[in-house]
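Single-structure report; data block below.
The values are calculated or read from the model by the stated rules, or taken from the named source; none is laboratory data. No experiment lies behind these values; they were computed from the predicted model shown. All Cβ positions, even for glycine, are placed from backbone atoms using ideal geometry, and neighbour counts span all protein chains on display. Side chains included, ligands, DNA and RNA excluded: accessible areas come from the protein's heavy atoms. Shrake-Rupley method; radii C 1.70, N 1.55, O 1.52, S 1.80 Å.
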Amino acid sequence: MAEQDVAAQDESWRGKIGKLAGGELDAFLGEGIITRLATLDGNGWPYVVPCWHEWDGESFWVIPRKKSAWAQMLADDERCAITIDEEGGQRKVSAQCKAVLIEEPNVGGAWVPIAERMSIRYLGENGLKYFEPTRDKQRWLFRLDPIAMQTWQGVEWANKYKE
């Protein structure tokens, strides 16, 4: 077989194709990749904000600051959506969720251990250096329960898009 024919058949550049399954999904969502969270403002317009998240295997957790506009939007309307995708890669997750208000703004609530883990996941060894000086700042705690979630990895169209 000619060298050109072998190169034409090498599809490794596409990566693994298909849905993220089980441990792949959990591993991807456990990385420090920024989430884009979409809410609806008081006029019904989409409002999208980048934020940190934590995935517990069933739900996403987000911790807005006390004065974050999007926190009040989640409190007022549970409908939201998220996307998480890697820069330069092909893994991605999108989900429509229902936001559940767990805690209104407070200091020292259930959000603290989640925020500690997030700061380490997103900022590495300097995470707690960032978090500690803000520990006394009030934060909300929301759980985002997916009602529909799609995942994908690799460079290829899903079969449903092919004719």
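Comparing Trp157, Gly108, Ala38 along the charge dipole axis of the chain, the residue lying farthest to the positive side is Gly108, per the Cβ-charge model.
Note on the chain: along the principal axes its Cα atoms extend 68, 40, 24 Å, ordered by decreasing extent. For Val100, the accessible surface of its heavy atoms amounts to roughly 40 Å² (probe 1.4 Å, protein chains only, rounded to the nearest 10). Here Lys129 is the anchor, and the lysines within straight C-alpha reach of less than 19 Å, apart from those fewer than 8 places off in the same chain, are Lys137.
Each Lys or Arg adds one and each Asp or Glu takes one away; over the other residues whose Cβ falls under 14 Å from the Cβ of Gly30, this sums to -4. Each Lys and Arg adds +1 at its Cβ and each Asp and Glu adds -1 at its Cβ; summed about the Cα centre, the chain shows a dipole of about 560 debye.
Only DSSP H runs of four or more residues enter the estimate; each adds -39500 (n - 2.57), and after division by the residues of the chain the mean residue ellipticity at 222 nm equals -7000 deg cm²/dmol. Among 85-94, 33-42, sorting by the average number of other beta carbon atoms lying within 10 angstrom of each residue, highest first, gives 33-42, 85-94. Count of lysine pairs in segment 1-104 with Cα atoms under 25 Å apart, counting only pairs 8 or more residues apart in sequence or on different chains? Lysine pairs meeting the criterion: 5.
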